[in-house]
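Everything below concerns the one structure shown next.
We did not get these values from a lab; they are worked out from the coordinates using the rules stated. Remember, it's a predicted structure, so these values are computed and weren't measured experimentally. Quick reminder, even Gly has a Cβ in these numbers, built from the backbone with ideal geometry, and neighbours come from all protein chains shown.
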């Protein structure tokens, strides 16, 4: 059976907008120690603008949908040909609500 030991560790992370540095360390009563450095950055691609987005926090849990509201004149479920975009539509939950401005907002 291995001898028991005590180990204490600490870490510090700082969010700086689009990225975040971190440092961590530990010390054990058996003369073990360690120091680590981390670099955090999440990247995603905006589907309509093809713009790369970055953040220090993970983006996977945020999720988003790029939704377009349009009048489907030929009832085929696809925005094409004579279909018209409905500007100024916004979303709250599952309801469509009026929105100031216009365009197609991301649905968080």
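Table for the structure above
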item: FRET efficiency for residue 7 and residue 60, using Cβ-Cβ distance with R0 set to 25 Å, rounded to 0.05; result: 0.20
item: Inter-label distance for residue 80 and residue 31, nm, one decimal - labels placed 7 Å from Cα along Cα-to-Cβ; result: 7.6
item: Surface/4 of the Cα convex hull for region 11-61, nm²; result: 4.5
